[in-house]
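First the structure, in the form of structure tokens, and then the observations on it.
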Amino acid sequence: MASLLSRFCRKLALPGSAHGSRMTSTTACGSETVKSLNLYSAINQALHIALETDPRSYVFGEDVGFGGVFRCTTGLAERFGKNRVFNTPLCEQGIVGFGIGLAAMGNRAVVEIQVADYIYPAFDQIVNEAAKFRYRSGNQFNCGGLTIRAPYGAVGHGGHYHSQSPEAFFCHVPGIKVVIPRSPREAKGLLLSSIRDPNPVVFFEPKWLYRQAVEEVPEHDYMIPLSQAEIIREGSDITLVGWGAQLTVMEQACLDAEKEGISCELIDLKTLLPWDKETVEASVKKTGRLLISHEAPITGGFGAEISATILERCFLKLEAPVSRVCGLDTPFPLVFEPFYMPTKNKASSSSSLSSPSKTHIF
Amino acid sequence: YLPHWNWNCLTTDSQSEKSAVWIMALSRLSSRSNIISRPLSAAFRRSISTDTTPITIETSLPFTAHLCDPPSRSVESSTQELLSFFRTMALMRRMEIAADSLYKAKLIRGFCHLYDGQEAVAIGMEAAITKKDAIITAYRDHCIFLGRGGSLYEVFAELMGRQDGCSRGKGGSMHFYKKDSSFYGGHGIVGAQVPLGCGIAFAQKYSKEEAVTFAMYGDGAANQGQLFEALNISALWDLPSILVCENNHYGMGTAEWRAAKSPSYYKRGDYVPGLKVDGMDAFAVKQACKFAKEHALKNGPIILEMDTYRYHGHSMSDPGSTYRTRDEISGVRQERDPIERIKKLVLSHDLATEKELKDMEKEIRKEVDDAIAKAKDCPMPEPSELFTNVYVKGFGTESFGADRKEVKAALP
């Protein structure tokens, strides 16, 4: 816990890491007031600000009225009233469809899907309605004000239906954006950007980090730009790309690799669709190796897209095949979770430069 | 808002009144003079009744019907049935309480949704149907599994993720299945099991088995769109599917009146008939399920709404008291507890004494403790089980551990 805390704080303290595309609140360095918050509190703050700054924004979903099962919506109903922050019945398809309609009328609808594993009844609405509304109406209508928030990812004991990472399904749909924050500070800025982005956004929050991640978060209103990846750790030997909670694991692997003299560059993708190809490309051209890691099953995971694109762009600069350290191709298991997860050991053994390079499928 | 209930259950018939008088006379006799009457009372000390004459029980409330004629309030039963109801419900109750302790001891991980308070639904349903009739439900499935013939050992092994669990440790609390008694589980995504259940009913109709399917769901899931799709299809094709809404009045923490415009779930079928049943009365449930089975085999789908209550919160991570008062919970426990009701019936019909029932409960406690001890000794599933049963065959993915030696498994 303490190491996690120091890790996040260390990221902020290092001036060297504010490199390239890291434009997080550079305007607010000295005069900003910051507060130590965990992920759900940061998201809560972002929602408060969003509702405050736009009187035509609404937050709804299952159980959001009392604060939500993960406490992300605490205090909203009390402050903004039941007409703007309200509970819906248990019907994901209805909730998202309803949100699309609301957004089509020029409002900002911030929809909560209680757990990403439950998002599938709404999949049709997201793919067929939200993503294509602007396109098929020739820009007469749009549902850009729609933001769908869902907690995703493993939590240690979630089992089949409280641990899934469905981001890959949504990355396959032109017309929506997919955003995944890695820490409280990022989450607040990214969520505000997502809500204010004029396109429908699916915002996945790593539920493992709701309480675990604590960081200094500025109290004012700030936005972190979408579709800009961030190099959170500079290196020269290998590039590692990830998002969300997996970055914590990857950072551990980086630290282990450093002990063996391997300098790792760690990139947080932040926005998966549309993703920042340039940053990753520049990094891989520098290092010559790429490792991608995510919790979702490896086949058809978003790592495949990154791998294919980087291969196209950096083929001559690559010294080894692109490596993917991901979840296994099984349903998310119950007792076998520790075997399933892409742990730092799996990452370390894959990124080792001393072993002859092969594509390791974990 | 408080759920309404009326309970005027204790209608004793003349037979039990007579026996009550008889017992009172006896006790007066034995207490008057210890020395003289001891041999007398010894002669009158009886074991648990093995009477085979049928008993008629009145349900606590009349049934409320939608588009059909409600069944009668008089339910045929027998001594054996009453006693077995008591025993099985007490077993279910004890099992759930034990699961509570195991969860707090972190032997059960993940999610655990307990059924105590709702036992009458599981028991009443079982009494009315055969093992060829299928049951499919959501995640609150421990007691239904037990009712379908599952063993305590399988329950606890599965809860603790051991290999002898009913789903070989791969399902956990929410995914109990029992193929040989047509129990189709155990589903995490609410509402999804209802169209599935209608599909099973279609297969049953096709194979002319004279069997029906009970697709169970809760008041929260009742607002899922797929239910109405399933109802429409079932009604269109006259499928023998019975949709059972276990209305415990709270969808997680949301009271039914806040989630549903019409909390009369038995009427939700519109063109499909429905019946509202007191779900805390095992005999009402039995009667309703019997009626529903006959109806479904002849006329197609029917909805049963079981008015029931859960004492625990939604799951073990929910204290269950933030959205309802403790008074409400204890009120229901005092007035409508299903086990207490059966107990009173057993006592008033003089089928067993208080002491005998207490002994039964002690036995049950021991049974549960033994099952837990045995389950604790059961090993976890082999790591290679992570890869089994994803597909049947034809998919070869290899997985290596960090040292490239262990946890190697190739999918068949």
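Worth pointing out:
- Answer from A:THR248, A:THR279 - the residue that is part of a helix (DSSP H, G or I), in contact with a Phe, Trp or Tyr (Cβ under 9 Å, 6 or more places away or on another chain) and open to solvent by less than 30 Å² (accessible area, probe 1.4 Å): A:THR248
- Region B:262-303, subset of a type in the set (Asp, Glu) and crowded, with 24+ Cβ neighbours inside 10 Å, residue farthest from B:LEU236 (Cα to Cα): B:ASP281
- 1 or more residues within 11 Å of chain A (Cβ to nearest Cβ) and out of contact with any Pro (no Cβ under 7 Å at 6 or more places or on another chain): qualifying helices (runs of 4 or more DSSP H) within region B:139-252: B:152-159, B:225-236
- Residue count for region A:153-187 satisfying the condition of being farther than 28 Å from A:ARG134 by Cβ and assigned to a loop (DSSP other than H, G, I, E, B): 14.
- Within region A:89-110, considering residues that are touching a strand residue (DSSP E or B) at 6+ places or on another chain (Cβ under 7 Å) and open to solvent by 20 Å² or more (accessible area, probe 1.4 Å), the one nearest to the other protein chains (Cβ to nearest Cβ): A:LEU90
- Scanning region B:259-302 for residues that are touching a helix residue (DSSP H, G or I) at 6+ places or on another chain (Cβ under 7 Å), basic (Lys, Arg) and farther than 29 Å from B:THR56 by Cα returns a single hit, B:ARG268.
- Residue in region A:95-103 that is in contact with a Lys or Arg (Cβ under 7 Å, 6 or more places away or on another chain) and under 19 Å from A:ILE49 (Cα atoms) present: no
- Filtered residue count, region B:253-285, keeping only those that are outside any helix (DSSP H, G or I) and charged (D, E, K, R): 6
- Residue count, region A:226-247 (criterion: more than 13 Å from the chain's Cα centre (by Cα) and under 22 Å from A:CYS171 (Cβ atoms)): 4
- Qualifying residue in region A:282-292 (condition: under 15 Å from the mean Cα position of the chain (by Cα) and either of a type in the set (Gly, Ala, Ser) or in a helix (DSSP H, G or I) (or both)): no
- Answer from B:LYS362, B:LYS366, B:LYS358, B:LYS343 - the residue that is open to solvent by 40 Å² or more (accessible area, probe 1.4 Å), closer than 30 Å to B:GLU58 by Cβ and of a type outside the set (Ser, Thr, Tyr): B:LYS358
- Extreme residue, farthest from the other protein chains (Cβ to nearest Cβ), among residues of region A:338-349 that are farther than 14 Å from A:MET250 by Cα and open to solvent by 10 Å² or more (accessible area, probe 1.4 Å): A:PRO338
- Among (1) more than 12 Å from chain B (Cβ to nearest Cβ); (2) under 26 Å from B:GLY218 (Cα atoms); (3) touching a residue at least 40 places away in the same chain (Cβ under 8 Å) - the single one A:GLN114 does not satisfy: (1)
The values are calculated or read from the model by the stated rules, or taken from the named source; none is laboratory data. Just so we're clear, the structure is a prediction, and the values are computed from it rather than from any experiment. As a convention, Cβ positions derive from the backbone with ideal geometry for all residues, glycine included, and neighbour counts pool all protein chains shown. Heavy atoms of the whole protein, side chains included, go into the accessibility calculation; ligands, DNA and RNA do not. Shrake-Rupley method; radii C 1.70, N 1.55, O 1.52, S 1.80 Å.
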